[in-house]
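Colleague: The structure under discussion is supplied below as structure tokens; questions concerning it will follow.
The values are calculated or read from the model by the stated rules, or taken from the named source; none is laboratory data. Predicted, not measured: the structure shown is a model, and the values here were computed from it. Don't worry about glycine lacking a Cβ; one is built from the backbone with ideal geometry, like all the others, and counts go over all protein chains shown. Note: accessible area is taken over every heavy atom of the protein model, side chains too, but ligands, DNA and RNA are not part of it. Shrake-Rupley method; radii C 1.70, N 1.55, O 1.52, S 1.80 Å.
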Amino acid sequence: MSGTGDAGQEGNSGYGRKTFKRSRSHFADRITADGADGWPVEAGRYRLVVSRACPWASRAVISRRLLGLEDAVSLAVTDPLQDDRSWRFTLDPGGRDPVLGIGYLSEAYDAREHGYPGGVSVPALVDVPSGQLVTNDFQQITLDFATEWTRYHRPGAPDLYPEALRAEIDEVAQGVYRDLNNGVYRAGFATGQEEYEAAYADVFRRLELLADRLAHRRYLVGDSLTEADIRLFTTLVRFDPVYHGHFKCNRFKITENPVLWAYARDLYQTPGFGDTVDFDHIKRHYYQVHTGINPAGIVPVGPDLSGWLTPHHREQLGGRPFGDGTPPGPVPAAETVPAGHRP
């Protein structure tokens with residue numbers, strides 16, 4: 001594949017077609033408590049492969065941290081830049097993942113289905129003993145972390161997908177995905193004016209609906225953090241550095257919307273969210289990999305990130321970030337985002 005796909009379903013996005021269309025995950029097996037798909041929940045057996053640049057992979061990183069699954073599911077972080085074999089482990093010594101022993105995520109795909117013609121996407125869960133990809137179903141991975149991996153949740157872990165709120169979470173998340181998470185890509189990769197303007201309208205209509213929803217409530221659903229907030233955050237945190245300019249979603253910046261900016265800062269300053277964000281990886285991936293949009297590969301210096309740490313005052317709306325639970329502990333030393341990559 002070329003390095004011009006979208007971040008997320010990289011190389012499997014439909015980029016280059018007349019109309020942008022995100023492909024469904026090809027490998028949709030699930031890791032469950034009962035092992036119904038042949039992949040039982042088991043501590044230490046699976047490795048989560050992510051790019052910190054990718055919003056879909058970042059969901060899994062945040063969920064894993066909030067739930068305290070660091071010891072149960074190990075983490076591999078790819079280089080934000082790619083070559084013609086897609087995601088690679090050039091950040092690791094010798095250019096190979098130290099656990100899987102591979103240089104490219106595509107090797108785990110080949111181990112599962114030799115000659116698989118589709119793209120190589122993150123997040124991906126890989127079975128360590130066999131080296132095979134288990135799933136690249138970014139929509140389901142975090143839901144299963146919340147509901148199937150409960151045996152390994154840390155004491156005080158929040159319920160990110162409470163059964164009583166699932167219908168509402170699903171409804172909110174569906175609109176966010178269609179119009180915003182995926183909408184920015186439909187705008188950015190549009191090949192015609194009409195297609196672009198339709199996506200642009202969806203993005204800002206959804207942002208305004210979300211601002212209205214969040215004006216008098218701290219979180220999207222219920223009074224604590226849920227899966228819905230994770231799915232929205234990963235787009236909001238990338239909006240001003242990337243989507244506003246690179247994807248031409250420039251009606252306003254998140255920093256120019258008081259409600260959304262305060263909400264985004266609230267989440268960023270919550271343990272488990274901002275401490276997983278790598279702005280350097282985000283910017284370098286989008287601006288240097290998407291050569292069809294940015295052929296010169298120039299990475300913008302801005303925006304100023306210091307505002308992410310300013311007071312948000314959202315606590316005045318009430319709510320309890322972790323419900324009856326507690327914040328996660330410190331980030332494991334090996335997983336700390338470098339100081340120069342964050343505010």
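Colleague: Within region 124-138, take every residue that is farther than 10 Å from ALA111 by Cα and in contact with a Gly (Cβ under 8 Å, 6 or more places away or on another chain) and give me the one that is most open to solvent (accessible area, probe 1.4 Å).
Modeller: Taking the candidates together, the pick is VAL128.
Colleague: Another question, then. Condition first: under 12 Å from the mean Cα position of the chain (by Cα), farther than 19 Å from PRO321 by Cβ and open to solvent by less than 10 Å² (accessible area, probe 1.4 Å). Now tell me which residues in region 50-84 satisfy that.
Modeller: Answer for region 50-84, where residues must be under 12 Å from the mean Cα position of the chain (by Cα), farther than 19 Å from PRO321 by Cβ and open to solvent by less than 10 Å² (accessible area, probe 1.4 Å): VAL50, SER51, ALA53, CYS54, PRO55, TRP56, ALA57, ALA60.
Colleague: To continue, here is another question. Given the conditions (1) without any contact (Cβ under 8 Å) to a residue 24 or more places away in the chain; (2) surrounded by fewer than 17 Cβ atoms within 10 Å (Cβ to Cβ), and given that HIS244 satisfies all but one, which numbered condition is not satisfied?
Modeller: Single failed check for HIS244: (2).
Colleague: Name the pairs: first residue in region 296-311 and open to solvent by 60 Å² or more (accessible area, probe 1.4 Å), second residue not hydrophobic (A, V, I, L, M, F, W, C), Cβ to Cβ under 6 Å, at least 6 apart or on different chains?
Modeller: Hits for this filter: SER306/PRO343; LEU309/PRO343.
Colleague: Give the residue that is farthest from ASP127 (Cα to Cα), with candidates limited to residues of region 59-77 that are outside any helix (DSSP H, G or I) and touching a helix residue (DSSP H, G or I) at 6+ places or on another chain (Cβ under 9 Å).
Modeller: GLY68
Colleague: Please indicate, with yes or no, whether at least one residue in region 159-172 is in contact (Cβ under 8 Å) with a residue 24 or more places away in the chain and in contact with a strand residue (DSSP E or B) (Cβ under 8 Å, 6 or more places away or on another chain).
Modeller: no
Colleague: What are the residue pairs meeting all of these: first residue in region 277-290, first residue under 8 Å from LEU81 (Cα atoms), second residue of a type in the set (A, V, I, L, M, F, W, C), Cβ atoms under 7 Å, and 6 or more apart or on different chains?
Modeller: ARG284/LEU81; ARG284/VAL299; HIS285/ALA7; HIS285/ALA53; HIS285/LEU81; GLN288/LEU81; GLN288/VAL299; VAL289/LEU81
Colleague: Right, here's the next one. In region 88-114, which residues are open to solvent by less than 20 Å² (accessible area, probe 1.4 Å) and part of a helix (DSSP H, G or I)?
Modeller: SER106, ALA108, TYR109
Colleague: Pairs, please: C-beta under 8 Å, at least 6 apart or cross-chain, first residue open to solvent by 30 Å² or more (accessible area, probe 1.4 Å) and in region 321-339, second of a type in the set (Ser, Thr, Tyr) and not in a loop (DSSP other than H, G, I, E, B)?
Modeller: Between residues of region 321-339 that are open to solvent by 30 Å² or more (accessible area, probe 1.4 Å) and residues that are of a type in the set (Ser, Thr, Tyr) and not in a loop (DSSP other than H, G, I, E, B), the close pairs are VAL331/THR276.
Colleague: Right, another one. Within region 171-189, which residues are within 23 Å of LEU48 (Cβ to Cβ) and of a type outside the set (Gly, Ala, Ser)?
Modeller: VAL176, TYR177, ASN181, ASN182, TYR185 - these are the residues of region 171-189 that are within 23 Å of LEU48 (Cβ to Cβ) and of a type outside the set (Gly, Ala, Ser).
Colleague: Now for a separate question. What pairs come out if I take residues in region 251-262 that are at pLDDT 95 or above and pair them with residues that are of a type in the set (S, T, N, Q) and open to solvent by 40 Å² or more (accessible area, probe 1.4 Å) whose C-beta lies under 8 Å away, six or more apart or interchain?
Modeller: TRP261/THR255
Colleague: Report whether or not GLU42 is open to solvent by 10 Å² or more (accessible area, probe 1.4 Å), touching a residue at least 60 places away in the same chain (Cβ under 8 Å), among the acidic types (Asp, Glu) and in a loop (DSSP other than H, G, I, E, B).
Modeller: no
Colleague: Can you name the condition, by its number, that ALA199 falls short on among (1) under 26 Å from GLY319 (Cα atoms); (2) part of a helix (DSSP H, G or I); (3) open to solvent by less than 10 Å² (accessible area, probe 1.4 Å); (4) in contact with a Gly (Cβ under 8 Å, 6 or more places away or on another chain)?
Modeller: (1)
Colleague: Identify, please: which residue in region 115-166 is assigned to a loop (DSSP other than H, G, I, E, B) and polar (S, T, N, Q) and is, among those, nearest to TYR219 (Cα to Cα)?
Modeller: Only one residue tops the list, namely ASN136.
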